[in-house]
1. Which is assigned by TED's automatic domain parsing to the domain that holds Gln221 and either modelled with pLDDT of 70 or more or touching a Pro at 6+ places or on another chain (Cβ under 7 Å) (or both), of Asn167, Asn150?
2. Quick check on segment 325-362: of everything there that is in contact (Cβ under 8 Å) with a residue 60 or more places away in the chain and in contact with a helix residue (DSSP H, G or I) (Cβ under 7 Å, 6 or more places away or on another chain), which residue is nearest to Arg438 (Cα to Cα)?
3. So which residues in segment 444-489 are among the basic types (Lys, Arg) and closer than 22 Å to Thr675 by Cα?
4. Out of contact with any Gly (no Cβ under 8 Å at 6 or more places or on another chain), farther than 30 Å from Phe96 by Cα and surrounded by 19 or more Cβ atoms within 10 Å (Cβ to Cβ): which single residue out of Gly457, Gly394 fits that description?
5. Ser451: surrounded by fewer than 24 Cβ atoms within 10 Å (Cβ to Cβ), assigned by TED's automatic domain parsing to the domain that holds Ser656 and assigned to a loop (DSSP other than H, G, I, E, B), yes or no?
6. With buried (at least 18 other Cβ atoms within 10 Å of the Cβ) and not acidic (Asp, Glu) as the only criterion, which of Gly437, Gly492, Gly473 stands out?
7. Right, Arg281: in contact with an Asp or Glu (Cβ under 9 Å, 6 or more places away or on another chain), of a type in the set (Lys, Arg) and either modelled with pLDDT under 95 or on the phi < 0 side of the Ramachandran plot (or both) or not?
8. Quick check on segment 288-295. Is at least one of its residues buried (at least 20 other Cβ atoms within 10 Å of the Cβ) and hydroxyl-bearing (Ser, Thr, Tyr)?
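The values are calculated or read from the model by the stated rules, or taken from the named source; none is laboratory data. Model, not experiment: these values are computed from the prediction. In this analysis, Cβ positions are derived from the backbone assuming ideal geometry, glycine residues included, and neighbour counts consider all displayed protein chains.
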Amino acid sequence: MDYKQLFLKYKNKVISIWKTGKLQRSTRITYDVFWNVVLFFLVVGFIGMFFAGGIGLGYFASLVKDEPVRSYESMEMDIYNYEETSKLYFDKDIYFGDVRSDIHREEVELENISEILKDAVIATEDEYFESHEGVVPKAIVRAVVQEATNAPIKSGGSTLTQQLIKNQILTNEVSFERKAKEILLALRLERFFEKDQILEAYLNIVPYGREASGRNIAGIQTAAQGIFGVDAKDVNLAQAAYLAGLPQSPSYYTPFANNGGLKEKDGIQPGINRMKSVLNRMYESDYINQKDYDEALNYNIVADFTEEATSPIDKYPHLTYEVEKRARDIIMEQLAEEDDYTLEDLEKDETLKEEYKILAERNMRQKGYNIHSTIDKKTFEAFQEIAKNYENYGPDWKGDLKNSKGEIIEENVTMPVQTGGILIENSTGKIISFVGGRDFNLDNQLNYATSTERPNGSTMKPLLDYAPAMEKGVVQPGTPIADVAEEFQYPGMPKPWNPGNYGGGYHGLVSARTALAKSYNVPAAKTYMQIINENPAKEFLDKMGITSLTEGDYGYPALSLGEPTIGITVEENTNAYATFGNNGKFADAYMVEKITTNDGEVIYEHQSEPVDVFTPQTNYLTLDMMRGVIRSGTATYINSQLKHSGVDWAGKTGTSQDYEDAWFVATNPNVTMGTWIGYRTPKSLQCSSCALSYSQRNNKLWAELVNSATDINPDLMAPKNRFERPNGIVERSYCTISGMLPSELCKRVGLIATDLFNSKYVPTEEDDSLIEGAYVMVDGKAVIAGPNTPEEFTDGDGVTFNPEFLERMGYDKLRDITQLFPRTNTAAWESISIPSSDLGETLEDDDTAPSAPTSAASSSNELTWKKSSSKDVVGYRIFRADNPDSSFSLIGNTTELDYSISGSNAVYHIKAVDYFGLESSASKEVVVGDFSDPEPEEPDEEDNDDNEDNGDGDHKDNDNGNGSGNGNGNENGNDNGDDNGQENEDDDSNNNDSDNDNNE
C-alpha cells in the first residue's frame, strides 16, 4: 500500500465520523476555544510579520539611500566598461602580444562563445539565471541565515547579474550596504537588459587566474586561448567545465604557476576536481546526458593545457616597450588636444605632461586598442638572431668605473660591447626593423637604437659639412682643400681649436671628394668653418630630425666632426641619412602605423609629411661622394661582406673620440641602414687581439643585417635602379691646385682632374695658381730666379706657384709650401718651383757672401766637396790653375757636389754662389799631379832675358771681385727649414672629432 492509498483511507474515515455530528457536539466548546486561540496567534503573527518586514524594508532603504537612480545609458557604460588589453601588431596585421597590463582581457561577443560553455557557466554559477529577475530570494535568505548563524560552510547567494554589478559598478567590499546596493542594482539591470546582454558582459569581465606565460587573465576568450589555445567558440565539454569552474577561486584552480608553466601535479588536481563538480551540476540540471558526463569525466584535460609560453615582453622586449612608448605618446597628445593643450604646452609643464601620460597609459590598458606597428616580423626576428649570435663584437671590458674626478663609482664591472641598428624606408620614414641591443637583459635593458645618444663621429660630415657647404656654393666635390695643420679661433671659444687627423699626418691639397672618402678631419673642419656663421646646424640638422643638440652645439666648431655635447641616437642619425636616399627630402621616422578601437574605428593613422632639406643637385653630389667611401674609402671592407652585389649604396663611417664609438650608415634608393657599436659607458674599442679592426667589426655586422633583410625582402633591400642624376649636374675639368678652370700651365704640369658640379657653381675663371719663369734649386727646392740670380744656375722656362695666389689662399703662411703636395702624383707637384718669398728670411739679401764649400778633394778624375752651410746657395763654380803659383781661372759650374776633370797636373778650388749672385771665398786648393822641382840646369842667357819682366804676375783669383777672401764663412743658414710634415703628427688634445676611419 502506498502513501496515497493510506491517505485516502484515513480521509474517508474522518469524513464519516464528522457526518454523525457526535464529534461536533462533544467538542464544540473545545473547538471554539481552540479556534479563538489560533486566530489570536495568526493575527499576532501577521502583525509581527508586517512589523518585521517594515523594519527590514526600512533598514534596506537606509542602506541604499545614497545610491543614485541610474539610467540605462549609465548602466550600459558601466557594465561594458571592460579593462580590455590593447593588442600589438607587426606590419601586415600580424599579432605579437598585448600591452603590458596587470590583467589581460580580450572581448568576445556572445555569438562567438559555444553553447556548452554558456550552459556550464549557468549550471555552475546561477541555475535560475533564465527565470529570476536579478536575485533569487531563497538564496538571499539562505545566505543571510548562514551569515547570522556563522555557518562554517556558506553557499553562494549571488546571481550572475549580481556578480556583474559587483565587478563593474560596485566593489568587492563585504558589507550589508554593498549587498543591498547590489540587489537593488541587479533588479534594475534586469529591467533594462536582456539575459544575453548580461551573460555576455559577465563572461567578458570574470577573472580566470593565469595563463601559460604567467599573466593574469580575465574574460572567457582570453581564458580559452591562454589555457587551452582555442577560441571560446571551439571548446569541448571538458574544457568548458574546466573554464566554468575557475572563477570560484581563479588562483587556486588555474593550472599555471605565477611565473608561467604548469604547476606540479598536486597543484593541478584542485582544478580537475572542480571541473568534475561542474560536470556533475550540468548532468543534474539536464544540460548533458549520462554518456556525455561519463566521457567528460574520463577526458585527459591535462593534455590540452597549452605549453609553457613566453609573454611578448619576454619574446620581444625591445619592440614591446618601444611600440608601447610611441603609442602612449600619440594617445597622450590626442587627449591633450581634446582639452585644447598643444604638445608644446606639455613640454613646458612637466606636471601636466605626466598627467596626460598617465591617462594615455590607462587608455592603452583599458580600451582594447589595436596598435599596428611598421615592423616587419621576419626581418625583425632575423635581426635579433644576428645581434644575439654575432661573433665579432670584440672583448668585454672589465674594471672599475670612475667618474671625471677619478673616483670609483662602480667596482668590478663587466661591460659587453653593445650594438644598435635600424632600417628605415626612405620615402615614408617607416621603421622596418631595428636592433635594440645584443640582449635585453644583458646590459641595463637599454634600447641602443632609439634611446641611447652617442657622438656620431665622422658620419656628421656629409650632414653638416659637405652637403650644406655645397648647398651654399662654397665647395663642390672636386674643390681642393688643404689638409695641413690648422688653427681655428671662433667667438666664445676659450682657446684656439687645432683639429688633427687620427693616425697622424696630413695629406696636402686633396679634393672634397677624397677628404670625405678617406675621412680626413681638417678639410671637413675647414669646410664647416666657412659656413658656421650661417648656423647650418639650425638650418639643416634641425630639419632632419636631430633633436638632442644643445644651444652651445650650434656654435661649436667640433660639431662638424661629430662631437655634440650629448650625442645622437642611431635612429636620428640613420633617419637623417634617409634624407639623401629620398632626393633631399626628410621623412620623419615612425613605428606606429595606426591605432584602432576594437570595433575597427581608426583613432590615429600616420601621415608622412616630407620636408625639403637639400636641392636635388646637392643631394646627388653628396650621394656620389659617399659612393666613394664604399668604393675606395674607409668602408671598402663592406664590399667583401655583401651577398647582393650591384646595389647602389652610398654611406659613411664614423668614429668618436678615443675610438669609443664605431658607426656606419648607408642608403640606397629604397632604404637606409645604420649600425653602431660601443660600450654602455664609453671605452675604447681598440683590440690588439681581434682579427678585425673596430670599424670592420661594425661594418661586418651592418653587412650581415643587410644580407638577412635582403634575403627576406630583396625587392625592397636590393633595388635594381640607381640614384638618378638630376638636371643641373655637369662634368667639368679643373686644376687640382685651385679648383678653377685649367690653365695651360696647369695642363703642362699634369694637374688636371674631372668631376661633377652643380651647374650653378661651375668654375668660370681660369686657374692663376701657376706662373712661368726660370728657376733655380735652393736647398732642395725649386725657386723662381731673381734679377741677380746667375743665369748659369737657372733651368729654362719653368713653372712656379704664383705668389699672389698663395697669398690669396693663405698658403703663404705655411712654413713649407711642399706641405700642400699630396701623396699622389708627387712627380707632377715636385716639378713646380716655389717662389723665393716662400723661403722667408733665408732669401733676404743681406749683402753677405755665402760660406765656402768644405772637404774639397779629388779622386779618379773627379772633384768632390761638401755643400756650403749657407741656405741660399744655388750652385758652385770651379776654378783651375796650371800650378800652385799660377793664376786661377773659371773652368765650369754645377749645382751638384762633384765635377769631372781631365789632364795631369793642375790646381783647383771651388766657390759657392748664392741666389743673389754673391760668391764665397775659395775652398781649400786641390792639387792634382806632381809639382816637385826638377834637377837644376844652367839657364841660357836668352831665356833669362825672355823671363825678365813679365809684369806684375797678377795672382788674384779671377772671381770678379767677389772672392775677396772673406773668410768669415758666414754661416748664415739659420736652419729654419721644415720637417716636411713631421710636426703635428699626433692628434691635438683639442681634436674633437677623432675619426680614424682613414685606415692609415
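1. Only one candidate qualifies: Asn167.
2. Ala327
3. Arg454, Lys461
4. That would be Gly394, the only listed residue that is out of contact with any Gly (no Cβ under 8 Å at 6 or more places or on another chain), farther than 30 Å from Phe96 by Cα and surrounded by 19 or more Cβ atoms within 10 Å (Cβ to Cβ).
5. Yes.
6. Answer to the check: Gly437.
7. When the stated conditions are applied, Arg281 passes them.
8. no
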